[in-house]
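Shown next, in structure tokens, is the structure this report addresses.
The values are calculated or read from the model by the stated rules, or taken from the named source; none is laboratory data. All values reported here derive from a predicted model rather than from experimental measurement. Here the Cβ is made from the backbone with ideal geometry for all residues, glycine too, and neighbour counts use every protein chain on show.
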């Protein structure tokens with residue numbers, strides 16, 4: 001069904017074409033017989049644009065479309081030569097000779113090409129808008145799916161740690177539960193938007209790091225440095241947390257002492273630079289950790305949310321694991 005916008009577009013287009021081809025510059029007025037012919041051409045073109053194009057052209061049935069268009073043009077010429085011209089020009093023989101048909105063809109084709117071409121362009125723009133909307137919907141669905149994986153991933157890792165502390169009857173167990181509840185509250189309720197304030201995200205990173213520092217206790221040192229953030233910026237939630245979680249997993253799984261984790265965040269002219277470095281015991285394999293669901297998840301989210309606006313480097317060398325992420329952020 002034709003929309004109001006398209007109907008208005010077609011009316012304006014037909015009026016403009018009518019005025020352009022029927023206006024006589026010598027007399028400064030509209031030639032009536034030209035206007036009549038143009039109205040007839042416009043009606044014929046409606047059959048091409050609203051029947052032949054959707055039924056054949058858009059379904060890639062090109063021969064049927066061109067054959068149908070040729071039939072329409074032939075019918076228009078016959079009606080013009082046999083019916084309209086004798087009525088408009090009685091007593092003349094404009095339709096009795098081949099040149100009359102040739103002149104009619106030269107008059108019909110430009111008008112039909114213009115009207116059909118504009119209709120084709122309108123349909124192409126509408127189809128592109130539908131494709132863009134579909135791609136956006138698919139992208140949002142994929143992002144929602146990727147984000148939904150973060151909460152179970154976080155719970156799985158931390159519940160295992162909490163279970164071991166509970167078995168040991170550690171006095172830090174209640175504090176760990178409290179910190180976990182705060183981080184989960186943010187994950188579940190406050191990070192549903194595609195982008196969140198950067199300061200809020202960094203605040204939650206601090207809570208998350210404190211949670212893991214409780215589990216490390218006196219087995220090492222954790223540094224978390226954040227430069228003063230000037231201005232209000234937005235960032236995709238739960239992006240940086242994955243790299244920090246991996247750093248703690250590397251260190252805790254691979255060694256029991258001398259843990260070193262260094263995390264820094266800097267912002268300069270909307271460019272965020274995130275660095276995370278941790279050590280691990282010689283001989284410890286990072287394959288199961290570095291290639292886990294969390295890292296794959298965040299790489300995919302970066303591709304979707306920051307196409308050509310991020311740089312991610314991960315380096316494993318000298319018993320250390322380094323992550324460098326540069327993001328171009330949006331300003332609120």
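Number of residues in the stretch 103-119 that are more than 20 Å from residue 74 (Cβ to Cβ) and touching a helix residue (DSSP H, G or I) at 6+ places or on another chain (Cβ under 7 Å) equals 2. Candidates 184, 195, 143: the one that is modelled with pLDDT under 80, under 30 Å from residue 229 (Cα atoms), surrounded by 14 or more Cβ atoms within 10 Å (Cβ to Cβ) and under 21 Å from the mean Cα position of the chain (by Cα) is 143.
Residues that are farther than 16 Å from residue 116 by Cβ and not in a loop (DSSP other than H, G, I, E, B) within the stretch 1-10 comprise 4, 5, 7, 8, listed in sequence order. With a requirement of 1 or more residues that are in the same structural domain as residue 115 (by TED's automatic domain parsing), in contact (Cβ under 8 Å) with a residue 60 or more places away in the chain and farther than 20 Å from residue 124 by Cβ, the helices (runs of 4 or more DSSP H) lying completely within the stretch 18-94 that satisfy it span 32-47. For residues that are farther than 24 Å from residue 219 by Cβ and modelled with pLDDT of 85 or more, scanning just the stretch 267-298, find the one that is surrounded by the fewest Cβ atoms within 10 Å (Cβ to Cβ). Among those residues, the one meeting the criterion is 269.
The lone criterion from (1) over 26 Å from the mean Cα position of the chain (by Cα); (2) within 27 Å of residue 273 (Cα to Cα) left unmet by residue 165 is number (2). Within the stretch 241-266, the set of residues being under 31 Å from the mean Cα position of the chain (by Cα) and modelled with pLDDT of 90 or more comprises 264, 265, 266.
In the stretch 162-182, the residues that are touching a residue at least 12 places away in the same chain (Cβ under 8 Å) reach residues that are surrounded by fewer than 13 Cβ atoms within 10 Å (Cβ to Cβ) with C-beta atoms within less than 8 angstrom, at least six apart or across chains, in these pairs: 172/217.
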